[in-house]
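Comments concern the structure below.
The values are calculated or read from the model by the stated rules, or taken from the named source; none is laboratory data. Source: prediction; values computed, not measured. Here the Cβ positions follow ideal geometry from the backbone for every residue, glycine too, while neighbour counts run over all protein chains shown. Heads up: the accessible areas ignore ligands, DNA and RNA and are worked out on the full protein's heavy atoms, side chains in. Shrake-Rupley method; radii C 1.70, N 1.55, O 1.52, S 1.80 Å.
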Amino acid sequence: MNGKLYLIGCGPGDADLLTLKALKTIEKLDIALIDHLLTDEIIALIPARTKIVFVGKEKGKHSFPQETINAMITEYALQGFTVGRLKCGDPYIFGRGTEEAIYASQNAIETEVIPGVSSALSGPLSAGIAPTARGISTGVSLVSAHLAGDRVNLSWIPMLGVEDHTTVVLMGLSRTRQILKEALDQGIDASLPVAIISNATTAHQSSIITTLGELIDAAKGAPKPAILVFGNVVNLSSVLPTYRYEPKEECHDIALSS
């Protein structure tokens, strides 16, 4: 009998932001395939009997090709194991969850997807920024500056010129030079507020408030991973509360009965 695959969104980093369903599912896994950005406190929630396999795809370093990860999922599931693919953020927001779910389906593997809190939304909140706010922003776009094959994506740049709009960019910190040049070439105001938010919701979270014109210099001191937030909502960071991370000394003892 085949096993089952769970694609589990583990949120931006703070273990307190795991959903109850995610935590209950982690408790029953035989195999856990985890990303390199998964925090230690979340890894500590994985039962000792569960086999942990690191399959993170870290930029600029050796990593498992997606095809290899797909094959590993299939191999374990076809052996009857309950497999969890633990992914930072949400499985379907700029992750590879879609590809993994399709591949599992093609191989007759039962799959369940568990939503997670994405850094695209929790990141701004952690820095005191509301992606939408009456009178300031009527909409928000979530985009990635990175495409397959290490290509840069700048198709979203025109959105920076849309009034009352917020643009949240993932995987853009190393692309700031291209972003600035393209934005200025398209006539985007260099005074547009920008936030660089690093390690959101963790003990190491930090934010830099700057402008489009100063983006390159500001990015030089920003830790990774980070997101970029463009729009007038960035100015709210001076008045709204920031996210409060509370360290857990005994996070490995957390358990929920199903």
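Values computed for the structure shown
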{"quantity": "In region 13-45, residue most open to solvent (accessible area, probe 1.4 Å) [restricted to those that are among the hydrophobic types (A, V, I, L, M, F, W, C) and in contact with a His (Cβ under 9 Å, 6 or more places away or on another chain)]", "calculated": "Ala44"}
{"quantity": "Single match in Leu192, Leu173 (criterion: open to solvent by less than 50 Å² (accessible area, probe 1.4 Å), within 17 Å of the chain's Cα centre (by Cα) and at negative phi)", "calculated": "Leu173"}
{"quantity": "Residue in region 79-89 that is outside any loop (DSSP other than H, G, I, E, B), more than 30 Å from Thr242 (Cβ to Cβ) and open to solvent by 30 Å² or more (accessible area, probe 1.4 Å) present", "calculated": "yes"}
{"quantity": "Scan of region 161-213 for residues that are in a strand (DSSP E or B), among the hydroxyl-bearing types (Ser, Thr, Tyr) and within 27 Å of Val117 (Cβ to Cβ), ordered by number", "calculated": "Thr166, Thr167, Ser198, Ser206, Ser207, Thr210"}
{"quantity": "Of all residues making up region 46-61, the number that are open to solvent by less than 50 Å² (accessible area, probe 1.4 Å) and either among the small types (Gly, Ala, Ser) or in a helix (DSSP H, G or I) (or both)", "calculated": "1"}
{"quantity": "Search result, residues across region 111-160 that are farther than 14 Å from Thr201 by Cα, of a type in the set (A, V, I, L, M, F, W, C) and either open to solvent by less than 50 Å² (accessible area, probe 1.4 Å) or in a loop (DSSP other than H, G, I, E, B) (or both)", "calculated": "Ile114, Ala130, Ala133, Ile136, Val143, Ala145, Leu154, Trp156, Ile157, Leu160"}
{"quantity": "Region 209-241, subset more than 20 Å from Ile136 (Cα to Cα) and either among the acidic types (Asp, Glu) or free of Cβ contacts under 8 Å to residues at least 24 places away in the same chain (or both), residue surrounded by the fewest Cβ atoms within 10 Å (Cβ to Cβ)", "calculated": "Lys220"}
{"quantity": "The lone exception for Glu67 - which of (1) open to solvent by less than 30 Å² (accessible area, probe 1.4 Å); (2) at pLDDT below 95; (3) in a helix (DSSP H, G or I) it fails", "calculated": "(1)"}
{"quantity": "Looking only at region 90-110, and only at residues there that are within 14 Å of the chain's Cα centre (by Cα) and either of a type in the set (A, V, I, L, M, F, W, C) or open to solvent by less than 10 Å² (accessible area, probe 1.4 Å) (or both), the one that is nearest to Lys21 (Cα to Cα)", "calculated": "Pro91"}
